[in-house]
Amino acid sequence: MKFYISATGIKKLTISSSAAVSTGRGGVGLPVGMKGKGLPPVTRRISHRTLLLPAVLVLGLLLTLLFFRITFIMLESAAFCSSPIGCLGWRIFGGSDSTLLREELMRALLEATNDGDNGIEMSSTSLPSSFNDLVKDMTSNGQDIKAFAFKTKAMIMKMEQMVESARQSESIFWHLASHGVPKGIHCLSLKLAEEYAENAAARSRLPSPQYVSHLIDPSFHHVVLLTDNVLAASVVVSSTIKSSSIPERLVFHIVTDKKTYTAMHAWFAVNSVNSAVLEVRGLHQYDWSHEVNIGIKEMIEIHRLICSHKLDSMKRENIPNKYEHEKDLQHLRPSCTSLLNHLRIYIPELFPDLNKIVFLGDDTVVQHDLSSLWELDLNGKVVGAAFDSSCGDDCCPGRKYKDYFNFTCPIISSKLDYDRCGWLYGMNVFDLQAWRKTNITATYHHWLKLNLNSGFELWNPGALPPSLIAFEGHVHRIDPSWHIAGLGYRSIINVTQSVLEDGAVLHFSGPAKPWLEIGAPEIRSLWSRHVNMSNEFIRKCGIME
């Protein structure tokens, strides 16, 4: 059966029950047995109007589907794309959702990075305080991915500022903790002062009369210690004697202030040092000239003003924006205004009869024999000092002049070398004969006055900066293993165990003194093992518990 559609539309339908056969002339034949006369010619032409309606139906269906797809994409893209039209073109023509999101996110992050702080302005109070708040804010407000990038950047910058502020506060509080006197050490001073008053043995002469001549004998090894800490002095003395190969040649000169004198004297009188000679002298027992007295008072007053100026500046700024180095917080330490700390510049006046001495800070502990230091040839120099002791040869991390001095001041930049390495103060060999031939002390005072007249801007507070200038050209470099410094700083974790073991003198320079609890326990143990825990006064006061 066949259908025949006329050229004028669907008006006439002819149905044939048998298949047509060809006439062999290009026409269409009739089945055998049928006559073709009187029948219309058979055609196979299809009308263009007949195709229009199905095409319209199909196109309408496609456009409907496309409309819904575009609507969905637009709604979805609004939450992710900074340019929904751009996203639309990408996704309609085959772009992957994950690829698109990655490209848009990368573009937004780069824009936020390159724009610095010129992006979306947001006050700190309007920023989300957590990641969950950020997600909630983005989804509820329907913000695009560019807003997400800038808001995330603002949150991270705010958090970085908070972390830096907390770090600075923690560092300040850590330094302020060094002001505290542990109750055990306070108790020790009180108990010993009471012992001095009640026990005649605690007031016995130091040293015994038969050893007084040793105090000025140049053939002995003289050790000088300036301190008001009884416990610290006991560790320095006991560790030095224990490490010495010839302790009978040691002579200790301990200078303290008036308030500590009775306790210091009582300790060493009751706990006598049999293998060495030791004297304890109070500053009130010195009979200096008027000129020296004036110089000392002037020196300590200027140092007090330097520390007060730095502290006032810090208070005005509330919390400092940035500290380049922990040495910027020197003004927070008790040593900043301590007379005994600054008095080392007057050692020749303290000991006019001595020629060569080894100076030890009260925050040191001796591990190896120091005998060869008194035989050391300083080549005409005044002081023998290490320049750094924990990082190897030819290194000076955190010890250069730029860490002590303000090189924006012309008076400093014209006189000093920015990258020069400063020597360490705390374990030094002094040739007092050579010192007396120089004007070191006068130079020290000259620079103190320059700093005073310059508004205290020449250097950071501390005893070392003006000493670096005063001793310029008078320093002899000694082997770094003699002096391991900086054990009172948190950066001590960078010092290896082998360096600590090889060091002759360990110096707890920095806020974390070994008698305080703020230091690292494993470092403090190098010092505390020399505390006589069986001593009656140590046990009664619960020291190091």
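The values are calculated or read from the model by the stated rules, or taken from the named source; none is laboratory data. Everything quoted here is computed from the prediction, not taken from an experiment. Quick reminder, even Gly has a Cβ in these numbers, built from the backbone with ideal geometry, and neighbours come from all protein chains shown. Heads up: the accessible areas ignore ligands, DNA and RNA and are worked out on the full protein's heavy atoms, side chains in. Shrake-Rupley method; radii C 1.70, N 1.55, O 1.52, S 1.80 Å.
Results, tabulated for the structure shown:
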{"item": "Accessible-area order (highest first, 1.4 angstrom probe) of the listed residues VAL495, VAL163", "result": "VAL163, VAL495"}
{"item": "Links that overshoot a 24 Å alpha carbon limit, given the list LYS258/LYS310; LYS191/LYS259; LYS242/LYS381", "result": "LYS258/LYS310; LYS242/LYS381"}
{"item": "Accessible surface of THR408 - all protein chains present, 1.4 Å probe, nearest 10 Å²", "result": "120"}
{"item": "Area accessible to solvent at ASP287, 1.4 Å probe radius, in Å²", "result": "150"}
{"item": "Three-way shape label, the stretch 416-490, alpha-carbon gyration tensor, a/c 1.5", "result": "oblate"}
{"item": "For PHE252, distant residues with modelled amide H under 5 Å away", "result": "VAL223, VAL277, LEU278, GLU279"}
{"item": "Positive minus negative residues near THR443 (Lys, Arg vs Asp, Glu; Cβ under 12 Å)", "result": "+1"}
{"item": "Extension gain from TYR286 to GLU248, taking 0.36 nm per residue of separation minus the Cα-Cα distance", "result": "11.0 nm"}
{"item": "Protein-only accessible surface order, largest first, of TYR425, TYR211 at 1.4 Å", "result": "TYR211, TYR425"}
{"item": "Probe 1.4 Å, accessible area per residue of the stretch 411-483, Å²", "result": "40"}
{"item": "Hz values of 3J(HN,Hα) by residue in the stretch 469-481 - Karplus curve (6.51, -1.76, 1.60), Gly and Pro given as x", "result": "6, 5, 8, 4, x, 10, 10, 9, 6, 10, 4, x, 5"}
{"item": "FRET E, pair ALA197, ARG539, Förster distance 25 Å, beta-carbon r, rounded to 0.05", "result": "0.75"}
{"item": "Local electrostatic count, LEU376, Cβ distance below 15 Å [Lys/Arg +1, Asp/Glu -1]", "result": "-2"}
{"item": "Under 5 Å, built H, 5+ apart or other chain: amide partners of VAL505", "result": "GLN367, HIS483, ILE484"}
{"item": "Shape category assigned to the stretch 329-479 from the gyration tensor of Cα positions, a/c cut at 1.5", "result": "prolate"}
{"item": "Cα gyration tensor, the stretch 402-445 - rounded (a/c under 1.5), prolate or oblate", "result": "oblate"}
{"item": "Using a Förster distance of 60 Å, the FRET efficiency for LYS258-SER130 (Cβ separation, nearest 0.05)", "result": "0.55"}
{"item": "Estimated vicinal HN-Hα couplings, Hz - the stretch 209-218 in sequence order (Karplus 6.51, -1.76, 1.60; Gly, Pro = x)", "result": "x, 5, 10, 4, 4, 5, 5, 10, 7, x"}
{"item": "Peptides 262-273, 467-478 ordered by average Cβ neighbours within 10 Å, highest first", "result": "262-273, 467-478"}
{"item": "Computed label-point distance, nm, for sites GLU160 and SER272 using a 7 Å Cα→Cβ extension", "result": "6.7"}
{"item": "FRET efficiency estimate (nearest 0.05) - Cβ-Cβ, LEU376 to SER525, R0 25 angstrom", "result": "0.25"}
